[in-house]
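Worksheet: one structure, shown below.
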Amino acid sequence: MTSEQARRFAEDVHAGALDRYGSPLLDHVRRVAADVSAPARPVAWLHETLECAGVTQDELRARGVGDEDLIAIALLTNAPGCSTEEYLQHVARIAAAPGRAGTLARTVKHADLHDRIRHQDPPRAGAPARPPYTRALALLREAASPRPEVRSSPASS
């Protein structure tokens, strides 16, 4: 699926939808898509479709979403109403995901978290608690940091 096709589909399925905090969901999706490189843009446009729009993986596949993009979108999909610990485990799975799908998911999640942090409205009465976005971003950054090499000590004779 091209970025333009993904944009049109996202605009259709998210039209008028609000996120769980009462803000227009499409505004968030647009900002995330604008904040990623071209290869990740279709995934960015579609990153909320499984979780928030009731779209299925089969529907996305039928519309032309490729396997790696579909895996990335599935990685980005979280269970609504999860605990803080479950949310951080979700982000840790994204951070550790292998291959191109993992790279796409991390790229989009990074932009997603930055957008959520930048555009947090004050909590509304009755709104669910926000996930720990700053801690989640630190998890992604930690996963992206190069690990120092561990050298074994020379064998003694």
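So, of the residues in the range 7-36 that are of a type in the set (Asp, Glu) and not in a helix (DSSP H, G or I), which turns out to be farthest from the chain's Cα centre (by Cα)?
That would be ASP19.
So which residues in the range 52-66 are in a helix (DSSP H, G or I) and surrounded by 15 or more Cβ atoms within 10 Å (Cβ to Cβ), if there are any at all?
Within the range 52-66, CYS52, GLN57, GLU59, LEU60 qualify.
Could you please find all residues in the range 1-18 being over 20 Å from THR56 (Cβ atoms) and either aliphatic (A, V, I, L, M) or touching a residue at least 12 places away in the same chain (Cβ under 8 Å) (or both)?
Answer for the range 1-18, where residues must be over 20 Å from THR56 (Cβ atoms) and either aliphatic (A, V, I, L, M) or touching a residue at least 12 places away in the same chain (Cβ under 8 Å) (or both): THR2, SER3, LEU18.
Which of the numbered conditions does SER83 fail, given that it passes all the others? Conditions: (1) under 16 Å from ARG135 (Cα atoms); (2) touching a residue at least 24 places away in the same chain (Cβ under 8 Å).
Unmet for SER83, out of (1) under 16 Å from ARG135 (Cα atoms); (2) touching a residue at least 24 places away in the same chain (Cβ under 8 Å): (2).
Take the residues of the range 83-110 that are closer than 14 Å to ALA40 by Cα and of a type in the set (Val, Ile, Thr): which is surrounded by the most Cβ atoms within 10 Å (Cβ to Cβ)?
Among those that are closer than 14 Å to ALA40 by Cα and of a type in the set (Val, Ile, Thr), it is VAL108.
Exactly one condition in (1) under 16 Å from ALA136 (Cβ atoms); (2) over 11 Å from the mean Cα position of the chain (by Cα); (3) part of a loop (DSSP other than H, G, I, E, B) is not met by GLU86; state its number.
For GLU86, the exception is condition (3).
Only one of these conditions is not met by GLU4: (1) in a loop (DSSP other than H, G, I, E, B); (2) surrounded by fewer than 19 Cβ atoms within 10 Å (Cβ to Cβ); (3) not aromatic (Phe, Trp, Tyr). Which number is it?
Among (1) in a loop (DSSP other than H, G, I, E, B); (2) surrounded by fewer than 19 Cβ atoms within 10 Å (Cβ to Cβ); (3) not aromatic (Phe, Trp, Tyr), the lone unmet condition for GLU4 is (1).
Hey, can you tell me all the residues within the range 86-107 that are in contact with a Leu (Cβ under 7 Å, 6 or more places away or on another chain) and in contact (Cβ under 8 Å) with a residue 60 or more places away in the chain?
ALA105
Let me confirm something: among PRO80, PRO39, which residue is of a type outside the set (Val, Ile, Thr), surrounded by fewer than 17 Cβ atoms within 10 Å (Cβ to Cβ) and not in a loop (DSSP other than H, G, I, E, B)?
PRO39
How many of the residues making up the range 46-80 are among the hydrophobic types (A, V, I, L, M, F, W, C), within 20 Å of ALA97 (Cα to Cα) and at pLDDT 95 or above?
Residues flagged as among the hydrophobic types (A, V, I, L, M, F, W, C), within 20 Å of ALA97 (Cα to Cα) and at pLDDT 95 or above within the range 46-80 amount to 9.
Go through the residues of the range 108-115 one by one and say whether even a single one is in contact with a Phe, Trp or Tyr (Cβ under 7 Å, 6 or more places away or on another chain), under 22 Å from GLU68 (Cα atoms) and either of a type in the set (A, V, I, L, M) or at pLDDT 65 or above (or both).
The answer is yes, given that some residue of the range 108-115 is in contact with a Phe, Trp or Tyr (Cβ under 7 Å, 6 or more places away or on another chain), under 22 Å from GLU68 (Cα atoms) and either of a type in the set (A, V, I, L, M) or at pLDDT 65 or above (or both).
The values are calculated or read from the model by the stated rules, or taken from the named source; none is laboratory data. Just so you know, these numbers come straight off a predicted model, no measurement behind them. No Cβ is skipped: glycine too gets one built from the backbone with ideal geometry, and neighbour counts run over all protein chains shown.
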